[in-house]
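These notes are about the structure you will find just below.
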Amino acid sequence: MRKKQPPTKGAKGDVKRGVDTSMIVRTKDFDKPVVQLKKGGCKMKPGLVYLGFSTDFLIEEADQWRGACWSMIKERSDCSFLFLTQKVWYKSPLNTDKG
């Protein structure tokens with residue numbers, strides 16, 4: 001888990017929440033896009049989902065979770081997933097084009 005830092009007065013974003021962004025961790029909400037309701041369907045409504053917004057989603061430290069991320073993205077075709085990266089080129093395992 002991320003180590004919570006004391007919030008800074010007037011701070012914004014992660015700093016305001018006391019999150020140390022230098023720590024690369026899997027959060028408790030990691031699988032939130034695919035959590036199911038008791039009556040069926042997903043708890044998270046369709047829409048835009050931000051991934052790893054405090055850091056580059058394709059960093060090496062997150063490789064261990066990437067397969068699970070691609071699976072969730074594939075499962076939730078009703079959502080748009082947005083992540084930031086500094087990579088110029090990356091071949092997604094979701095790309096099924098043959099050409």
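The values are calculated or read from the model by the stated rules, or taken from the named source; none is laboratory data. Since we're looking at a predicted model, the values are computed, not measured. Here the Cβ is made from the backbone with ideal geometry for all residues, glycine too, and neighbour counts use every protein chain on show.
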Identify the residue in region 40-82 that is surrounded by 16 or more Cβ atoms within 10 Å (Cβ to Cβ) and among the β-branched types (V, I, T) and, among all such residues, is modelled with the lowest pLDDT.
T55
Which condition breaks for D14 when tested against (1) modelled with pLDDT of 75 or more; (2) under 15 Å from the mean Cα position of the chain (by Cα)?
(1)
Just for region 17-39: of the residues that are of a type outside the set (V, I, T) and within 14 Å of the chain's Cα centre (by Cα), which one is modelled with the lowest pLDDT?
R26
